[in-house]
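Inspection log for the structure reproduced underneath, given as structure tokens.
FYI, it's all coordinate maths here, none of it is from the lab. Predicted model, so just to flag it, every value in this text is computed and none were measured.
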Amino acid sequence: MADQDRAAPSPSDTLAIVAGGGSLPFAVADAVLARGRRVAVLALRGFADPARVGGYVHEWGRVAQLGRFRRFARDYGCRDIVFIGTVMRPSLSQVRLDFGALMALPHIIASLRGGDDHLLTTVGRVFEHYGFRVLGAHQVAPEILVPAGALGRHRPAAQDDADIARALTLLHAMGPSDVGQAAVVAGGHVIAVEAAEGTDQMLARVADLRRSGRVPAGRGVLVKAPKPGQDQRFDLPAIGPETVDGVVRAGLAGVAVVAGQTIIAEPQLVVQKADTANVFVAGLQMPPTA
């Protein structure tokens, strides 16, 4: 089994995409299809966008319906799985377990008692126990990762570089606590740190602070970075057109992310929006020790 797990995915195998909210599941699906590999989408009710799911081979399911997923994978001939998209953490009382999930109940309960990375890693182990291979979106579609350098016409200024460095130091320090992957720094001041609300809501909070005059003068930056030691098959930092919209509403100078470790949805639209709004989108080339 170990040798098979290390083998490269076969393009002839259908890839199962467990799709949460947002545009990322479809960006991954399109990239995989363009590579000539079949895709089957298990869309999570309450999260995946019904208007977009219909364009793909798909079925609907709910969080923690492990038995349903196993039938889905069998019917479509899937061994490899990618989990992608926004899913808000449910409380145990909200989880509707099917028979397959009941068999894994001790693992599910344990997974809900830690941070997001702990939760996702535990979920991955459950699926691996049943013989599936859990892959990261970047492993099946590396072209969706942010490259190094500026993506559009604009680049960070010297003050922006200083704010980016401060944000990266903060995110690295927060990593062991398994909190968030994003922070906003303006003029050397930490304005906001991402928590359970997600990046978009954090930026909305910064916009409110800006309007009320509680944000210090200065351009400010949004920085996203993976947590140190994070299982990169799950929940890599991600940006998309909505991120640029949030940066603009918050009055920030731009967004900086770690190149090669951040997913980007609809990159052409991201660049178009950023150039129109005169903000930067930059991929940071991190040193090995960062």
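So here's what we get for this one:
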read-out: Between region 164-185 and region 197-214, the alpha-carbon center distance in angstrom; value: 17
read-out: Cα-based Rg and Dmax for region 145-284, where Dmax is the largest Cα-Cα distance (Å); value: 13.5, 40
read-out: Whole-angstrom gap from region 237-272 to region 9-80, using each part's C-alpha centre; value: 25
